[in-house]
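Presented below is the structure to which this report refers.
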Amino acid sequence: MAPSTTRVAVGLVALILSTFCGASAASAQAQLVYAPVGDVTSVPAGYVQFCRDNPQDCREIAEDARDVVLSASAWRDMQLVNDRVNQSVEPVTDEDNYGVVERWTYPDDGKGDCEDYVLLKRKMLIRAGWPRSALLITVVRDKKGDGHAVLMVKTDRGEFVLDNQEGRILRWQETGYRYVKRQSQFDQNLWVSLGDTQTTSVVASQGN
């Protein structure tokens, strides 16, 4: 093979490898910023009870699945809602508040547990014009292994978590939680498995 032909062949191989590696890196990055979604799974009993009590908030509405465009103003609005709810609702268990083990409801009395924080944040963002399909009630295991609920917000820059146990809004993979299941983006009354995915914690630096 002539030297010039050899150089062309080597260049083509390098281009192919570069393209393949680039595609693989992009795919890995996409998997990193979005939680892996599995099959349809069971609906939490608390959500069934919430829908029975609030049927207007669980109506089946035909809509395309949309992600939030995470502009600077959208980030500020999300942070404002998260802070306002976390600061205005007193954390109280359902047993202490209602005398039952589990009840999902809006914290209209200023008290509630994790699901109630989530429901109110979701309601406020929907009223502000955010797409319901991007605001997903999610069941996790927290850092202690206890059951917990958070609001996952699906955006064009990945998925973020609004949490009453954490003042910061973190990427889903930074919470240290084990993800169990959440609402489907296509139908709020269907729930999908998240594969029991374990994540790592992000520790705030000094001065933050």
Take segment 48-64 and flag every residue that is surrounded by fewer than 12 Cβ atoms within 10 Å (Cβ to Cβ), without any contact (Cβ under 8 Å) to a residue 60 or more places away in the chain and not charged (D, E, K, R).
P55, Q56, A62
Determine which member of the set D108, D67, D83 is modelled with pLDDT of 95 or more, over 23 Å from A45 (Cα atoms) and surrounded by fewer than 16 Cβ atoms within 10 Å (Cβ to Cβ).
D83
Pull up segment 121-134, narrow it to residues that are part of a loop (DSSP other than H, G, I, E, B) and free of Cβ contacts under 8 Å to residues at least 60 places away in the same chain, then point me to the one that is surrounded by the most Cβ atoms within 10 Å (Cβ to Cβ).
A128
Can you tell which of Y106, Y117, Y98 is over 18 Å from the mean Cα position of the chain (by Cα) and under 16 Å from D57 (Cβ atoms)?
Y106
Looking only at segment 50-89, count how many residues are among the acidic types (D, E), within 26 Å of D113 (Cβ to Cβ) and in a loop (DSSP other than H, G, I, E, B).
0
From the options V118, V43, residue that is assigned to a helix (DSSP H, G or I) and under 18 Å from L190 (Cβ atoms):
V118
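The values are calculated or read from the model by the stated rules, or taken from the named source; none is laboratory data. Not measured: the values here are computed from a predicted model. In this analysis, Cβ positions are derived from the backbone assuming ideal geometry, glycine residues included, and neighbour counts consider all displayed protein chains.
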